[in-house]
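Note sheet for the following structure.
The values are calculated or read from the model by the stated rules, or taken from the named source; none is laboratory data. Note that the structure is a prediction, hence the values are computed from the model and not measured. With ideal geometry, Cβ positions are generated from the backbone for all residues, glycine too; neighbour counts draw on all protein chains shown.
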Amino acid sequence: RKEVEQDPGPFNVPEGATVAFNCTYSNSASQSFFWYRQDCRKEPKLLMSVYSSGNEDGRFTAQLNRASQYISLLIRDSKLSDSATYLCVVNVGGATNKLIFGTGTLLAVQP
Amino acid sequence: EAGVTQSPTHLIKTRGQQATLRCSPISGHTSVYWYQQALGLGLQFLLWYDEGEERNRGNFPPRFSGRQFPNYSSELNVNALELEDSALYLCASSLAPAGAVQFFGPGTRLTVL
């Protein structure tokens, strides 16, 4: 079983649509959770950290369920510029302190 | 504020050679991380340096090594290059606490012929 699992997509949605991505992680000791986006052949860029209470940044909402080891990202009112690969990322922290990446979910927003 | 910088942007080597990749962290960041993203594969953790010491390494052979300098910049060395080492090598930096957000540089694309 992969440490972080995501649906690879692709998700093809029209502009203005709402799209949700889900992710599960296997290590219950994971301490930090993030969503990064990666454009083709570019570096990953932090989209948002994910907190147990849930958090929102404009059109983006992230949720964490520690009991189910499940992370989600909701994008409302999709824009063409949202087209990218979305990476679910966890960090066990402590002495390990490495980011563990899911394989990413490809989003293509169509005009 | 300047982000993480990496050099060179592209590097072409032949099998058996050595490659050296360089990274400068964001000012004030003491931790530097290296990741490999091979074509069709996800990002894999390589190394973590903090305060000049190697703190953790991923599941890579010993020919992958590196170091961190007193100014917190870092080098990744790959010896005895193999074809499958062709990948995008990404450096990230963070503030000291484990679990802090990591910010990535643009990467070095290494091609082994």
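Quick notes on this structure:
- Of everything in segment B:92-113 that is hydrophobic (A, V, I, L, M, F, W, C) and not in a loop (DSSP other than H, G, I, E, B), the residue that is nearest to the other protein chains (Cβ to nearest Cβ) is B:PHE104.
- Residue in segment B:64-91 that is surrounded by the fewest Cβ atoms within 10 Å (Cβ to Cβ), counting only those that are farther than 20 Å from B:LEU39 by Cβ and either within 12 Å of chain A (Cβ to nearest Cβ) or not polar (S, T, N, Q) (or both): B:PRO70
- Unique residue being in a loop (DSSP other than H, G, I, E, B), at pLDDT 95 or above and under 28 Å from A:MET48 (Cα atoms) when the list is B:TYR72, B:TYR35, B:TYR89: B:TYR72
- Residue in segment B:50-63 that is surrounded by the most Cβ atoms within 10 Å (Cβ to Cβ), counting only those that are modelled with pLDDT of 95 or more and away from chain A (no Cβ under 14 Å): B:ARG63
- Among the residues of segment A:88-99, the one identified as closer than 12 Å to A:TYR36 by Cα and facing chain B (nearest Cβ under 7 Å) is A:LEU99.
- There is at least one residue in segment A:49-71 that is in contact with a strand residue (DSSP E or B) (Cβ under 6 Å, 6 or more places away or on another chain), within 13 Å of another protein chain (Cβ to nearest Cβ) and in a strand (DSSP E or B).
- Every residue from segment A:1-23 that is surrounded by 17 or more Cβ atoms within 10 Å (Cβ to Cβ) and under 12 Å from A:THR103 (Cα atoms): A:VAL4, A:GLN6, A:CYS23
- The residues in segment B:21-68 that are among the small types (Gly, Ala, Ser) and out of contact with any strand residue (DSSP E or B) (no Cβ under 6 Å at 6 or more places or on another chain) can be counted, and the count is 3.
- You will find that of A:ALA95, A:ALA29, the residue that is among the aliphatic types (A, V, I, L, M), touching a strand residue (DSSP E or B) at 6+ places or on another chain (Cβ under 8 Å) and either within 30 Å of B:HIS10 (Cβ to Cβ) or surrounded by fewer than 22 Cβ atoms within 10 Å (Cβ to Cβ) (or both) is A:ALA95 and no other.
- Per the conditions (1) more than 10 Å from chain A (Cβ to nearest Cβ); (2) hydrophobic (A, V, I, L, M, F, W, C); (3) out of contact with any His (no Cβ under 8 Å at 6 or more places or on another chain); (4) farther than 19 Å from A:LYS42 by Cβ, the sole criterion not satisfied by B:LEU47 is (1).
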